[in-house]
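Input: a single structure, listed below in structure tokens.
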Amino acid sequence: EQVAMLEKQVSDSNIQMNEASTFSGAGDALRKSRVGWLPMNENFLWLHEKLGDIVNIANKELWRFDIAGMAESIQYAEYPADGGHYDWHMDTGPDQFSRRKISITVQLSDPSEYEGGDLQLKINSGHQNTPKGFGTVVIFPSYLLHRVTPVTGGLRKSLVLWITGPAFK
């Protein structure tokens, strides 16, 4: 119910969408999607609080990283049917992006609405598909290699948020 409300809030927010970019400036070969940013305002405060609660539990149980909070807005992403994808990458990068420690994705499309578009995590020499259910939240360390496979039909929509903290030691 909250996810359906969230999807409506996002669509009603008139978020300005732009072609996605990468740290290196690579084009469609690495990433093909459109992104916008959810404003940090009263409309989305409940979402920040909910995701904060979820990540605090996961971090306490799994990693115990020294985290500080959400230094960036939540990214809304759309992957179109004409090959929308994001090849293998990590969510860490130069400068302020080096402080990303935990990545969170929220699935905003029902799996029946698109084909392909699997979020995969690199595990040892293979990979693992994450669940695709509407509203599914996937949390993983930002340094873990992951990708979104090409979308071959429909439209894949998701939210991404990064939790930051002091540099790893």
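Brief remarks on what is shown
- None of Ala77, Ala20, Ala71 is of a type in the set (A, V, I, L, M, F, W, C) and open to solvent by 40 Å² or more (accessible area, probe 1.4 Å) except Ala71.
- Residues of the range 120-169 that turn out to be surrounded by fewer than 19 Cβ atoms within 10 Å (Cβ to Cβ) and among the charged types (D, E, K, R), as a count: 4
- Selection within the range 94-138: residues that are among the aliphatic types (A, V, I, L, M) and without any contact (Cβ under 8 Å) to a residue 40 or more places away in the chain. The member of this set that is farthest from Trp63 (Cα to Cα) is Leu119.
- The selection criterion, being of a type in the set (Asp, Glu) and farther than 20 Å from Leu6 by Cα, does not hold for Asp110.
- Against the numbered list (1) under 19 Å from Ser158 (Cβ atoms); (2) within 15 Å of the chain's Cα centre (by Cα), Ala71 comes up short only at (1).
- Within the range 93-110, the set of residues being open to solvent by 30 Å² or more (accessible area, probe 1.4 Å) and at pLDDT 95 or above comprises just one member, Arg99.
Conditions (1) within 17 Å of the chain's Cα centre (by Cα); (2) without any contact (Cβ under 8 Å) to a residue 24 or more places away in the chain, marked per residue:
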position	(1), (2)
His48	yes, no
Leu51	yes, no
Ile54	yes, no
Lys60	no, yes
Trp63	no, no
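- Check on Trp88, of a type in the set (Phe, Trp, Tyr) and under 22 Å from Thr22 (Cβ atoms): yes
The values are calculated or read from the model by the stated rules, or taken from the named source; none is laboratory data. The shown structure was predicted, so the numbers you read here are calculated from the model rather than taken from an experiment. Positions of Cβ are backbone-derived with ideal geometry, glycine not excepted, and every protein chain shown enters the neighbour counts. Note: accessible area is taken over every heavy atom of the protein model, side chains too, but ligands, DNA and RNA are not part of it. Shrake-Rupley method; radii C 1.70, N 1.55, O 1.52, S 1.80 Å.
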